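Colleague: Please find one structure pasted underneath; my questions will follow.
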């Protein structure tokens, strides 16, 4: 999780009344081999993998580890001026690294 993503996650938790809850990440492999990402606030389960990064507790089912091991979650401004979370994941066969300015 980048610092920008962590800041927005904390803002979202505050606005949604979910402060103190972990951020749950999940991924599903689509038929074309690309990944479909999901995230939301949740209570950790005993079987979850837990990671704390940038002050955010992240939980996930251990079965997603192979998909998310090198993944970076960022919060970026898009070309149209909107802001959104993006998953930068070299394990995704459809991943294209961002162009550096």
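Colleague: Output the number of residues of segment 72-97 satisfying the condition of being surrounded by 10 or more Cβ atoms within 10 Å (Cβ to Cβ), without any contact (Cβ under 8 Å) to a residue 24 or more places away in the chain and farther than 23 Å from residue 11 by Cβ.
Modeller: In the first step, residues of segment 72-97 are kept if they are surrounded by 10 or more Cβ atoms within 10 Å (Cβ to Cβ); the result is 72-77, 83-95.
With the extra rule that they be without any contact (Cβ under 8 Å) to a residue 24 or more places away in the chain, the set shrinks to 77, 84, 86, 88, 90, 95.
Narrowing the set further to residues that are farther than 23 Å from residue 11 by Cβ leaves 90, 95.
Total meeting the criteria: 2.
Colleague: Given (1) touching a strand residue (DSSP E or B) at 6+ places or on another chain (Cβ under 6 Å); (2) without any contact (Cβ under 8 Å) to a residue 12 or more places away in the chain; (3) exposed (fewer than 10 other Cβ atoms within 10 Å of the Cβ), identify the lone condition not met by residue 28.
Modeller: The single condition residue 28 does not satisfy is (3).
Colleague: From the list 92, 61, 65, pick out the single residue that is touching a strand residue (DSSP E or B) at 6+ places or on another chain (Cβ under 8 Å), at pLDDT 95 or above and at negative phi. Spell out the reasoning first.
Modeller: On the way: 92 fails: at pLDDT 95 or above; 65 fails: at pLDDT 95 or above.
Result of the check over 92, 61, 65: 61.
Colleague: Here's another thing I want to ask about it. Residues of segment 52-71 being surrounded by 15 or more Cβ atoms within 10 Å (Cβ to Cβ) and not in a strand (DSSP E or B), which ones?
Modeller: Within segment 52-71, 54, 64, 67, 68, 71 meet the criteria.
Colleague: If you don't mind, another one. Determine which single condition residue 14 fails, assuming it passes every other condition in (1) in contact with a strand residue (DSSP E or B) (Cβ under 9 Å, 6 or more places away or on another chain); (2) closer than 18 Å to residue 85 by Cβ; (3) free of Cβ contacts under 8 Å to residues at least 24 places away in the same chain.
Modeller: (1)
The values are calculated or read from the model by the stated rules, or taken from the named source; none is laboratory data. Keep in mind that this is a model prediction, so the values were computed, not measured. Glycine gets a Cβ as well: all are built from the backbone with ideal geometry, and neighbour counts include every protein chain shown.
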